Amino acid sequence: MTSNNDYLTIKGQQFNSRFILGSGKYDYNLIKAAVKNAHAEIITMALRRTTETTEDILNYLPEHVTILPNTSGSTNAEEAVRTAHLARELSGSNFIKLEVIPDKKYLLPDNQETVKATKILAEEGFIVLPYMLPDLNTAKQLVDAGAATVMPLASPIGSNLGLANKNLIQILIDEIKLPIIVDAGIGSPSQAAEAMEMGADAVMANTAIATAEDIPLMAEAFRMGIEAGRKAYLAGLGRVVNHKAVASSPLQGISKQ
């Protein structure tokens with residue numbers, strides 16, 4: 001965090017951390033260490049992780065974290081709404097990460113079905129964080145539908161390719177007043193820092209940490225990258241000069257001998 005007053009605010013709820021941690025690929029025994037080192041206060045959770053195992057993932061999470069269930073596996077708005085209702089029953093959370101993904105090869109979201117589901121869920125009192133392809137018109141429709149944030153993908157889910165959609169995400173940052181949370185495809189702390197330097201409000205990461213050789217250490221590295229990027233954004237990045245060099249120290253007063 002950069003200061004005591006620099007909060008990530010989602011529907012009036014304040015969070016010190018701007019790092020949202022995905023839990024989908026972890027061994028349960030590593031989740032607590034990852035959360036601790038990430039200083040994460042929001043943790044995503046697929047509904048299937050609470051229904052397809054005899055163990056309860058909630059037992060491995062610190063009490064202070066906000067659970068962000070997702071609608072992973074939904075292929076249309078109707079399925080997503082139904083999954084959101086089940087997730088709220090199981091988690092007790094009004095937060096929902098909305099994923100509507102009919103494409104099984106590239107796992108790209110259906111923006112229009114996402115808008116449709118957002119409107120339904122927002123009217124039912126959910127705090128909706130929709131995952132979407134970065135598109136300004138869709139983002140505006142999500143705002144009108146009652147979304148709490150907009151979550152554009154940086155690159156395909158699980159790819160670790162980084163900010164492939166950088167220019168499109170920058171447009172959303174510049175034009176949309178809701179928090180912009182960069183989601184999917186961020187593969188390294190430096191990429192997370194770059195997203196924050198652009199003015200993103202938060203970054204979500206899962207695969208990059210879960211597939212690292214040292215998960216707790218990588219979680220800490222991501223936290224530091226996100227904090228550094230946020231500080232750089234608030235400080236204001238220095239100018240860029242093309243086609244020439246500029247002396248880093250003034251030349252006035254230097255002896256010509």
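Computed from the coordinates by the stated procedures, all read-outs in this text should not be read as laboratory data. Nothing here was measured: the structure is a model prediction, and the numbers come from that model. Neighbour counts run over all protein chains shown; Cβ positions are idealised from the backbone, glycine included.
Applying 1/(1 + (r/R0)^6) with r as the Cβ-Cβ distance of Ser190 and Asp103 and R0 = 25 angstrom yields a FRET efficiency of 0.30. Per residue of the chain, the DSSP helices (runs of n ≥ 4 H) give a summed -39500 (n - 2.57) that works out to -11500 deg cm²/dmol at 222 nm.
Residues whose amide H lies under 5 Å from that of Asn70, counting only those 5 or more places away or on a different chain, are Met45, Ala46, Leu47, Lys97; hydrogens are built 1.01 Å from N in the peptide plane.
Computed from the Cβ-Cβ distance with R0 of 45 Å, the FRET efficiency linking Leu90 to Asn167 stands at 0.70. When only Cα pairs below 8 angstrom with a gap of at least 6 residues are kept, the stretch 59-147 shows a relative contact order of 26 percent.
Counted over the chain with a bin width of 5 Å, the fraction of Cα pairs per bin, in whole percents, is 1, 6, 13, 17, 19, 17, 11, 5, 3, 2, 2, 1, 1, 1, 0, 0, 0. Taking the simple approach of a point 7 Å from Cα along Cα-to-Cβ for both Leu133 and Asp214, what is their distance in nm? Each label point lies 7 Å from its Cα, and together they span 4.0 nm.
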